1. May I ask you to list pairs of residues, at least six apart or on different chains, whose Cβ atoms are under 8 Å apart, with the first in region 41-70 being without any contact (Cβ under 8 Å) to a residue 24 or more places away in the chain and the second being charged (D, E, K, R) and open to solvent by 70 Å² or more (accessible area, probe 1.4 Å)?
2. Name the single residue that is modelled with the highest pLDDT among those in region 31-57 being among the hydroxyl-bearing types (Ser, Thr, Tyr) and over 13 Å from residue 73 (Cα atoms).
3. Only one of these is closer than 21 Å to residue 180 by Cβ, open to solvent by 60 Å² or more (accessible area, probe 1.4 Å) and in a helix (DSSP H, G or I): 120, 147. Name it.
4. Just one of 228, 233 is under 30 Å from residue 41 (Cα atoms) and open to solvent by less than 30 Å² (accessible area, probe 1.4 Å); which is it?
5. Conditions: (1) of a type in the set (Val, Ile, Thr); (2) buried (at least 21 other Cβ atoms within 10 Å of the Cβ); (3) more than 14 Å from the chain's Cα centre (by Cα). Residue 190 meets all but one. Number of the miss?
6. Collect the residues in region 195-221 that are open to solvent by 20 Å² or more (accessible area, probe 1.4 Å) and in contact (Cβ under 8 Å) with a residue 40 or more places away in the chain, keeping them in residue-number order.
7. Under the condition of being open to solvent by 60 Å² or more (accessible area, probe 1.4 Å) and under 27 Å from the mean Cα position of the chain (by Cα), which residue from region 90-116 is nearest to residue 79 (Cα to Cα)?
8. Looking at the structure I just gave you, is residue 77 buried (at least 18 other Cβ atoms within 10 Å of the Cβ) and either closer than 22 Å to residue 200 by Cβ or at pLDDT 90 or above (or both)?
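The values are calculated or read from the model by the stated rules, or taken from the named source; none is laboratory data. In this text the structure is predicted, and so the values were computed from the model without any measurement. All Cβ positions, even for glycine, are placed from backbone atoms using ideal geometry, and neighbour counts span all protein chains on display. All accessible areas refer to the heavy atoms of the entire protein, side chains included, with ligands and DNA or RNA removed. Shrake-Rupley method; radii C 1.70, N 1.55, O 1.52, S 1.80 Å.
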Amino acid sequence: MALVIDNLSKTYANGTQALKSVSLTIPKGMFGLLGPNGAGKSSLMRTIATLQDADTGSIFLDDLDVLREKEAVRRVLGYLPQEFGVYPRVSAEELLDHLAVLKGIANKGERKAIVEALLQQTNLWNARKKNLGGYSGGMKQRFGIAQALLGNPRLIIVDEPTAGLDPAERNRFHNLLSEIGENIIVILSTHIVSDVTDLCRNMAIISQGQVRLTGDPLTVMEQLRGQVWCKLVSKDEVAALQAQYHVISSRLFAGQTIVHVLSDYRPDSGFEEVNPDLEDVYFAQISESNKKKELSTGY
């Protein structure tokens, strides 16, 4: 089972080119699509989910033409968008039953069994009678996964699912996604690097509508070994380092700033080599993308 995206492009009516010749092969399991806000992630997810057309290119889910056989795709697709609304005065059990009807599960007994199983799987059984307006953010996201699982989908898309969740709910959601991703294709679209590190065996980084890197997170981290250096500096020193070196990230720590530099050699005696993590890979790709944009546009 695989989702194959080939040479996909999309430009909106206002002239924004959201996708530029995107090609990806996404196998069964958890696949992380990592990129900053505005990178094109949601545009790609919406196109795969049959919510908008592409200008050029193709998408196939095995032998199913996603761009042309939309109704057939929707029967095997589960989708949790970034903005997932619920009816606040309806219980989880009632709404999930209603959505099951819309999904084509007509038999009442079958529908009851499926709804109960999904509420158990998403750990919402004890809150099944509670109105959705009283759910926490994490509970709403788990309900979103429950509705996405209706109809035994072959492909599930989740767009920025852990944004705003507290650590405990984030862990629950991770465990749920990991369980789901054992047997089907799950695309996790996010700007949170640790979500991809924790969950995904395959990934892609997208920036400015283009795929910048694909691979296994462990492999792409290993490819940067010996090239990432860090130094603890004052805030006033950061600008000078950025002018002199390829600074890929900086963050505050105990009132000072930790700077990460990408270099084939030690930048100066104050820098220490660090084992690269996926955040280093991500920032290296995004900074390179931004540099290319500056060179091509002049700003």
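1. Filtered contacts from region 41-70: 67/53.
2. Applying the filter and picking the extreme gives 56.
3. 120
4. Details: 233 fails: under 30 Å from residue 41 (Cα atoms).
When all the criteria are applied, what remains is 228.
5. (3)
6. In the first step, residues of region 195-221 are kept if they are open to solvent by 20 Å² or more (accessible area, probe 1.4 Å); the result is 197-199, 201-202, 208, 210-216, 218-219, 221.
Answer for region 195-221, where residues must be open to solvent by 20 Å² or more (accessible area, probe 1.4 Å) and in contact (Cβ under 8 Å) with a residue 40 or more places away in the chain: 197, 199, 201, 202, 208, 210, 211, 212, 213, 214, 221.
7. Here the answer is 103.
8. yes
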